[in-house]
1. What is the residue count in segment 22-40 for residues that are closer than 24 Å to Ser87 by Cβ and touching a residue at least 60 places away in the same chain (Cβ under 8 Å)?
2. Could you please tell me which pairs satisfy a Cβ distance under 6 Å, a separation of 6+ or placement on different chains, a first residue in segment 207-228 that is closer than 30 Å to Lys93 by Cβ, and a second residue that is of a type in the set (Val, Ile, Thr) and outside any strand (DSSP E or B)?
3. Can you confirm whether Gly128 is under 20 Å from the mean Cα position of the chain (by Cα) and touching a residue at least 12 places away in the same chain (Cβ under 8 Å)?
4. Within segment 243-253, identify whether any single residue is within 19 Å of the chain's Cα centre (by Cα) and open to solvent by less than 40 Å² (accessible area, probe 1.4 Å), and answer yes or no.
5. Is it true that some residue in segment 376-389 is closer than 24 Å to Ser285 by Cα and in contact with a Ser or Thr (Cβ under 9 Å, 6 or more places away or on another chain)?
6. Kindly indicate whether Val340 is open to solvent by 20 Å² or more (accessible area, probe 1.4 Å), more than 24 Å from Ala270 (Cα to Cα) and either assigned to a loop (DSSP other than H, G, I, E, B) or not aliphatic (A, V, I, L, M) (or both).
7. Residues to consider are Ala269, Ala310, Ala284, Ala319; find the one that is in contact with a Cys (Cβ under 9 Å, 6 or more places away or on another chain), open to solvent by less than 20 Å² (accessible area, probe 1.4 Å), in the same structural domain as Ala409 (by the TED database) and modelled with pLDDT of 95 or more.
8. Give me the strands (runs of 3 or more DSSP E) completely within segment 119-233, filtered to those with at least 1 residues that are open to solvent by 40 Å² or more (accessible area, probe 1.4 Å), farther than 30 Å from Thr432 by Cα and basic (Lys, Arg), ordered by residue number.
Amino acid sequence: MATSEAQEHAKDLGAFVTASPSSFHAAAEVARRLAAAGFSARAESDTWDHTPGGYYTVRDGAVIAWFIPAGATATTGFHILGSHTDSPGFKLKPKPTTGREGWLQAGVEIYGGPLLNSWLDRELILSGRVVTSGGTEHLVRTGPLLRFPQLAIHLDRAVNDGLTLDKQQHMNPVWGLGDPSQADLLAILAADAGVDPETITGYDIVTTIAQEPAFFGGRGEFLASQRLDNLSSVHASLVALIDHAEHRGWGPEATSENDDGPGHIAVMAAFDHEEVGSASRSGASGPFLQDVLERIVDAAGGGVQERARAFADSVCISADAGHAVHPNYPERHDPANRPVLGGGPLLKINANQRYTTDAVGAGLWAALCQAVNVPYQEFVSNNVMPCGSTIGPLTATRLGIRTVDVGIALLSMHSAREMCAVEDPLALARVTRGFFAG
């Protein structure tokens, strides 16, 4: 049975997921929690200083936060935990109100690589942002609104021999009855935002299942939830950063001073668009993290030399969910490396640099886990199974900072509803907390 601390952490993770149905909501929820912990917002258009304390900045569906300890200088290195706020699913197309045969439907485009069948026969919400004339952004979130209804077995007797879903023909969710020419899906979003539908000039709207996270299992040892890939890592870094700031004697909940010395500047970087390649202004291939790190160094009076020295003394942990051994498909996994749920975070390794972990990074991760008394497992793909990738290679390539790939183990990754062990999210947060503490 999961410990009470792990259960409480998992409950809070569930609450974080529920509050974060889109990348924009996730960034807003991170900002809300950081502000409540005493962190200060830094607009990118403002001048930044180097005063010790906690700060954050939001760029669309991404957020970066950092804690500057007392005594930090322009050459102080960074301990960075990178993650991502987006998940596979569906995104509204232009002219989204469609339908036929008396049904109202929504035109959606597939985002990333979702397990299509897992989205069938689930009630879905729409969430994200709408932009009105003048450029004002509004976060929106509907109640249960959509559903991909599956064809009854009576009309497809061979369905259990192999379900084939055409992405254009079959993945059009229903949301009402009537004549599409007399309906307007955007009006529902406008009502949620409190604006006139005619003023909406753009939107980034995605689907999420309406069902809330829940514990299950014979001893309640599992957590089922949407978006564990990768809000589990975002949440771990958020909790760890707030705890780290409090431990350093800073923030409204701080109870003691700590004189461990300046150490490193702790950074959480939660990017958008990882599931579609990260090539955006708010993705890991964009300049967001580099911009923030360079501005922190510049605010301390540093230049090119100081930035290079700070980066050379920095480490990035790329935290993204990985695969546990599936009991019904054991042959799909490496025969020697068999990660299990509840066995601790994964150290992800790939010879072709789809993950960035090298021997030095593996040693750093092993020492860190030992220092905080958290077990870990190694993950490597079966040679005939294509390996996914993360923000790790992108960050290492862009910044030259040593990067290690890790994450909690999941089953049903990229499903509308994934699962993990209740113990593992807390374990990742504990290791992250130790990493931030140096």
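1. Of the residues in segment 22-40, the ones closer than 24 Å to Ser87 by Cβ are 22-34.
The next check asks that each one be touching a residue at least 60 places away in the same chain (Cβ under 8 Å); those that pass are 22-28, 30, 33-34.
Residues flagged as closer than 24 Å to Ser87 by Cβ and touching a residue at least 60 places away in the same chain (Cβ under 8 Å) within segment 22-40 amount to 10.
2. Glu212/Thr18; Pro213/Val17; Ser225/Val17; Arg227/Val17
3. On the way: under 20 Å from the mean Cα position of the chain (by Cα): yes; touching a residue at least 12 places away in the same chain (Cβ under 8 Å): yes.
Yes; evaluated as a whole, the condition is true for this residue.
4. From segment 243-253, those within 19 Å of the chain's Cα centre (by Cα) are none; that's our starting set.
Within segment 243-253, not a single residue is within 19 Å of the chain's Cα centre (by Cα) and open to solvent by less than 40 Å² (accessible area, probe 1.4 Å).
5. Checked segment 376-389: at least one residue is closer than 24 Å to Ser285 by Cα and in contact with a Ser or Thr (Cβ under 9 Å, 6 or more places away or on another chain).
6. yes
7. On the way: Ala310 fails: in contact with a Cys (Cβ under 9 Å, 6 or more places away or on another chain); Ala284 fails: in contact with a Cys (Cβ under 9 Å, 6 or more places away or on another chain); Ala319 fails: in contact with a Cys (Cβ under 9 Å, 6 or more places away or on another chain).
Just a single option satisfies the conditions, and that option is Ala269.
8. Values: elements: 124-132, 136-141, 174-177, 200-209, 214-216, 222-225.
Fully inside segment 119-233 and qualifying: 136-141.
The values are calculated or read from the model by the stated rules, or taken from the named source; none is laboratory data. Small disclaimer: the values here were computed from a predicted structure and weren't measured. Neighbour counts run over all protein chains shown; Cβ positions are idealised from the backbone, glycine included. The area values use the complete protein model at the heavy-atom level, side chains included, leaving out ligands, DNA and RNA. Shrake-Rupley method; radii C 1.70, N 1.55, O 1.52, S 1.80 Å.
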